[in-house]
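One structure is given below, encoded as structure tokens.
The values are calculated or read from the model by the stated rules, or taken from the named source; none is laboratory data. Quick caveat: nothing in here was measured; it's all calculated off a predicted structure. Cβ sites come from the backbone with ideal geometry, for glycine too, and all protein chains shown count toward neighbours.
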Amino acid sequence: MSISVGAFFPDSALRESEFANALTQVAMALARKNDHPVQSATPEVEILFMLSGKYDYPGFSGMRIRRFDTKLASLVVEVAVPVTMVDSGKAGEYVVAAMLDATENAAEFLKELDLAFDAGAHMTLVQSLSKCIASQAKPEIPPYYSEAP
């Protein structure tokens, strides 16, 4: 795949968070788009979301280019996830927004290396994921009221 996502969960409890659920939804939506022409292009851009735990944290804020492997044509972009996003109902929107930023940063980085990267097509693919997230959003469940007999 040309764009892929992953995460570093320093605590096992984080795997049950709203963020983890949102990232899983995005990853599944991205996998369903595996036949998209952009997904067979190189270089590959891996977006790695870094969460903070009790004893481990990313050590940076925002986003950074972690590495570029010329042999594999693979770029890794790390995103430090704000603590406020871990259990936020807006985690899905955050994931897609961070992916858009990472794609834009990847395009700038790859342009400096004179490597072909169709930023527009990649951005369109990532933007399409927001529709998948919206359609999978949990419906608002009204509180249960019982009347006393």
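Numbers at a glance
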{"quantity": "Top-ranked residue in the range 67-86 [being loosely packed, with under 13 Cβ neighbours inside 10 Å and of a type in the set (D, E, K, R); ranked as farthest from Glu46 (Cα to Cα)]", "calculated": "Lys71"}
{"quantity": "Positions within the range 20-75 being farther than 20 Å from Gly120 by Cβ, polar (S, T, N, Q) and in contact with a strand residue (DSSP E or B) (Cβ under 9 Å, 6 or more places away or on another chain), in sequence order", "calculated": "Ser52, Ser61, Ser74"}
{"quantity": "Count - residues of the range 1-55 that are at pLDDT below 90 and of a type in the set (Ser, Thr, Tyr)", "calculated": "5"}
{"quantity": "Residue check, Phe49 in contact (Cβ under 8 Å) with a residue 40 or more places away in the chain, aromatic (Phe, Trp, Tyr), within 27 Å of Ala116 (Cα to Cα) and in contact with a helix residue (DSSP H, G or I) (Cβ under 9 Å, 6 or more places away or on another chain)", "calculated": "yes"}
{"quantity": "Residue selected from the range 5-20 under the condition among the small types (Gly, Ala, Ser) and buried (at least 16 other Cβ atoms within 10 Å of the Cβ), by the criterion nearest to Tyr94 (Cα to Cα)", "calculated": "Ala20"}
{"quantity": "Residues that are touching a residue at least 40 places away in the same chain (Cβ under 8 Å) and acidic (Asp, Glu), drawn from the range 55-111", "calculated": "Asp56, Asp87, Glu93"}
{"quantity": "Scope the range 46-65; condition exposed (fewer than 13 other Cβ atoms within 10 Å of the Cβ) and at negative phi; matching residues", "calculated": "Lys54, Tyr55, Phe60, Ser61"}
{"quantity": "Scope the range 21-37; condition surrounded by fewer than 18 Cβ atoms within 10 Å (Cβ to Cβ) and of a type in the set (A, V, I, L, M); matching residues", "calculated": "Ala27, Met28, Ala31"}
{"quantity": "Hits in the range 8-28 (condition: closer than 21 Å to Tyr55 by Cβ and in contact (Cβ under 8 Å) with a residue 60 or more places away in the chain)", "calculated": "Leu14, Ser17, Phe19"}
